[in-house]
Amino acid sequence: MGLDILTIIQERMSTFSKGQKLIGQYILDNYEKAAFMTAAKLGAAVQVSESTVVRFAAELGFDGYPAMLKVLQELIRGKLTAVQRIEVSNDRLGTQDVLDTVVQSDIEKLRLSLTEMDREDFTAVVDTIVKARRIYILGVRSSAALSEFLSFYFKLIFDNVWQVQTSLASEMFEQILRVGPNDVMIGISFPRYSTRSVRAMEFARDRGATVVAITDSKMSPLYESAHYRLLAKSDMASFVDSLVAPLSIINALIVAVGRKKSAEVTAAFESLERIWDEYKVYEKVQYDEK
């Protein structure tokens, strides 16, 4: 229903009661704000009761008002401009404590990501990465930080990792020109989704590579391009992308792959420790014994 909720409201407008028509029209005109309103606040905005708003959600076929909000939020999350994000975020925060609100939101996203994670897909992704001929990792905009983090640790485990640099779309395709069967492409993208990432993943899939999407929901344009999906809940804190849950899932992926390649990981760090000691990369701290 998520993709069609606005159309459904439009088509069923003539069947709604007077109060429901007010709610429906407000959502059509202000869906980017309505998606983050409580039932009471939405009711106040159109001058109907909170119970009328709850019944409106049921009329559309939802189990409750939160279910309708979730669909609206997923529908618009990738479409909001930075300015709209700031406006919506300011409305959501109101006079609440910013630190408490943002951290509690991140905790909730972590909980939801863990609860809803497809464990079979997670295991399959680990096995696919371990067996891959080449591993391509792609993330642009704020997701570039996640790509950098994943690439850093995978390069300690494997010698076949390519972090795709993304300054220009044409350069991106030059870097994945030889992608093919037995390779894996890991694409990371969160709202606002990158068209470049979607096209690169489609290219990799068309060339026979196994494609893994690390993204936030089934509404993501990366979802259909991927063989496997690791869904991690994201949120927007003003113009900032909250990527706490995605980073945690990536962290778990690194640990799981590392356990499969424990001998290689141990050998890599034994070699690094010798190099660090020989070239005095890290100063040894002397403690006085008293």
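In the range 247-266, the residues that are within 15 Å of K109 (Cα to Cα) reach residues that are assigned to a helix (DSSP H, G or I) and at pLDDT below 95 with C-beta atoms within less than 8 angstrom, at least six apart or across chains, in these pairs: S248/L110; S248/S113; I249/S113.
Tell me, please, whether a residue that is assigned to a helix (DSSP H, G or I) and not hydroxyl-bearing (S, T, Y) can be found in the range 182-192. Within the range 182-192, none of the residues are assigned to a helix (DSSP H, G or I) and not hydroxyl-bearing (S, T, Y). Applying a threshold of 9 Å to beta carbon distances and a minimum spacing of six or more residues, or different chains, the list of pairs starting in the range 89-108 at a residue that is assigned to a helix (DSSP H, G or I) and ending at one that is basic (K, R) and modelled with pLDDT under 85 reads D91/K33; T101/R92. With the condition kept exactly as written, say whether any residue in the range 8-17 is in contact (Cβ under 8 Å) with a residue 60 or more places away in the chain and touching a helix residue (DSSP H, G or I) at 6+ places or on another chain (Cβ under 9 Å). Checked against the condition, which is being in contact (Cβ under 8 Å) with a residue 60 or more places away in the chain and touching a helix residue (DSSP H, G or I) at 6+ places or on another chain (Cβ under 9 Å), the range 8-17 yields no hits at all. Among the numbered conditions (1) of a type in the set (D, E, K, R); (2) part of a loop (DSSP other than H, G, I, E, B); (3) closer than 18 Å to L222 by Cα, the only one that D121 does not meet is (2). Q73 meets each of the listed conditions (1) closer than 18 Å to S220 by Cα; (2) modelled with pLDDT of 90 or more apart from (2). The one condition from (1) closer than 21 Å to Y223 by Cβ; (2) without any contact (Cβ under 8 Å) to a residue 24 or more places away in the chain that K155 does not meet is (1).
Considering only residues in the range 220-265 that are open to solvent by 50 Å² or more (accessible area, probe 1.4 Å), under 19 Å from R205 (Cα atoms) and part of a loop (DSSP other than H, G, I, E, B), the one that is modelled with the highest pLDDT turns out to be H227. Among the residues of the range 193-216, the ones that are crowded, with 18+ Cβ neighbours inside 10 Å and part of a loop (DSSP other than H, G, I, E, B) come to 4 in all. Scanning the range 41-64 for residues being charged (D, E, K, R), under 31 Å from the mean Cα position of the chain (by Cα) and not in a loop (DSSP other than H, G, I, E, B) gives a total of 2.
I'd like to know if the range 131-144 contains one or more residues that are open to solvent by less than 20 Å² (accessible area, probe 1.4 Å), under 25 Å from T115 (Cα atoms) and either out of contact with any Ser or Thr (no Cβ under 8 Å at 6 or more places or on another chain) or part of a helix (DSSP H, G or I) (or both). There is at least one residue in the range 131-144 that is open to solvent by less than 20 Å² (accessible area, probe 1.4 Å), under 25 Å from T115 (Cα atoms) and either out of contact with any Ser or Thr (no Cβ under 8 Å at 6 or more places or on another chain) or part of a helix (DSSP H, G or I) (or both). Can you confirm whether the range 151-165 contains a residue that is in a helix (DSSP H, G or I), modelled with pLDDT of 90 or more and within 16 Å of the chain's Cα centre (by Cα)? No, because not a single residue in the range 151-165 is in a helix (DSSP H, G or I), modelled with pLDDT of 90 or more and within 16 Å of the chain's Cα centre (by Cα).
Does the range 192-208 include one or more residues that are closer than 22 Å to E148 by Cβ, at pLDDT 90 or above and touching an Asp or Glu at 6+ places or on another chain (Cβ under 8 Å)? Yes, because at least one residue in the range 192-208 is closer than 22 Å to E148 by Cβ, at pLDDT 90 or above and touching an Asp or Glu at 6+ places or on another chain (Cβ under 8 Å). When the range 21-40 is limited to residues that are surrounded by fewer than 19 Cβ atoms within 10 Å (Cβ to Cβ) and under 11 Å from Y65 (Cβ atoms), the one that is farthest from the chain's Cα centre (by Cα) turns out to be A40.
Of all residues in the range 182-192, those that are open to solvent by less than 50 Å² (accessible area, probe 1.4 Å) and polar (S, T, N, Q) total 1.
Among all residues of the range 42-61, there is none that is closer than 27 Å to S194 by Cβ and either surrounded by 13 or more Cβ atoms within 10 Å (Cβ to Cβ) or modelled with pLDDT of 85 or more (or both).
Within the range 166-181, the set of residues being surrounded by fewer than 18 Cβ atoms within 10 Å (Cβ to Cβ), part of a loop (DSSP other than H, G, I, E, B) and among the hydrophobic types (A, V, I, L, M, F, W, C) comprises L168, L177.
The values are calculated or read from the model by the stated rules, or taken from the named source; none is laboratory data. Model, not experiment: these values are computed from the prediction. Heads up, the Cβs are rebuilt from the backbone with ideal geometry, glycines too, and the neighbour counts pull from every protein chain shown. These area figures cover heavy atoms from the full protein model, side chains too; ligands, DNA and RNA do not enter into them. Shrake-Rupley method; radii C 1.70, N 1.55, O 1.52, S 1.80 Å.
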